[in-house]
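Step one of this worksheet: look at the structure below.
The values are calculated or read from the model by the stated rules, or taken from the named source; none is laboratory data. Because the structure is a prediction, the values reported are computed rather than measured. For neighbour counting, all protein chains shown are included, and Cβ atoms are generated from backbone atoms with ideal geometry for every residue, glycine included. Side chains included, ligands, DNA and RNA excluded: accessible areas come from the protein's heavy atoms. Shrake-Rupley method; radii C 1.70, N 1.55, O 1.52, S 1.80 Å.
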Amino acid sequence: QVQLVESGGGLVQAGGSLRLSCAASGRTFSDYAMGWFRQAPGKEREFVAAITWSGGTTYYLNSVKGRFTISRDNAKNTVYLQMNSLKPDDTAVYCCVAAPRFRGWPPTRYDYWGQGTQVTVSS
């Protein structure tokens, strides 16, 4: 199995930036598409961003396009989410996710989930 551990969340003012990190272990990192989901209080969980196995293709939730950037460093077994121009609506628990290659692109299912890291954006 794959273990995912997120870090980098915190409290930030609107307009500020944060970079989330997700450290993966257990299997060959480059065999997995990686991504981020988030869930705000009282809201359904939603997809935020995903990146292919070698990092050549990305996909984003419309509301974060131009503000968030997902990237990966396979040598470090780490995926990142750079979040700029943060808004109060971005407040949520952000979870790192992984999908093996056979799930395709975009993955039809994410098999592994981290515990999440809290991002709070104040107005």
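Restricting to region 9-31, name every residue that is part of a loop (DSSP other than H, G, I, E, B) and more than 13 Å from Thr120 (Cβ to Cβ). Break it down stepwise before answering.
Within region 9-31, the subset part of a loop (DSSP other than H, G, I, E, B) is 9, 14-17, 26-28.
Answer for region 9-31, where residues must be part of a loop (DSSP other than H, G, I, E, B) and more than 13 Å from Thr120 (Cβ to Cβ): Gly15, Ser17, Gly26, Arg27, Thr28.
Please go through region 1-54 and give me each residue that is in contact with a helix residue (DSSP H, G or I) (Cβ under 8 Å, 6 or more places away or on another chain) and aromatic (Phe, Trp, Tyr), ordered by number.
Result: Phe29, Tyr32, Trp53.
Considering only residues that are open to solvent by 50 Å² or more (accessible area, probe 1.4 Å) and either farther than 21 Å from Asp31 by Cα or under 9 Å from the mean Cα position of the chain (by Cα) (or both), which ones fall in region 70-92?
Gln82, Asn84, Ser85, Lys87, Pro88, Asp89, listed by residue number.
I'd like to verify a number: residues in region 50-71 that are touching a strand residue (DSSP E or B) at 6+ places or on another chain (Cβ under 8 Å) and within 11 Å of Ala33 (Cβ to Cβ), how many?
Let us first name the residues in region 50-71 that are touching a strand residue (DSSP E or B) at 6+ places or on another chain (Cβ under 8 Å), namely 50-53, 55, 57-61, 64, 67-71.
Pick out the ones that are also within 11 Å of Ala33 (Cβ to Cβ) and you get 50-53, 55, 57-59, 70.
Looking only at that region, the number is 9.
Any residue at all in region 54-62 that is open to solvent by 60 Å² or more (accessible area, probe 1.4 Å), assigned to a loop (DSSP other than H, G, I, E, B), free of Cβ contacts under 8 Å to residues at least 60 places away in the same chain and closer than 28 Å to Ser123 by Cα?
Taking every residue of region 54-62 in turn, none turns out to be open to solvent by 60 Å² or more (accessible area, probe 1.4 Å), assigned to a loop (DSSP other than H, G, I, E, B), free of Cβ contacts under 8 Å to residues at least 60 places away in the same chain and closer than 28 Å to Ser123 by Cα.
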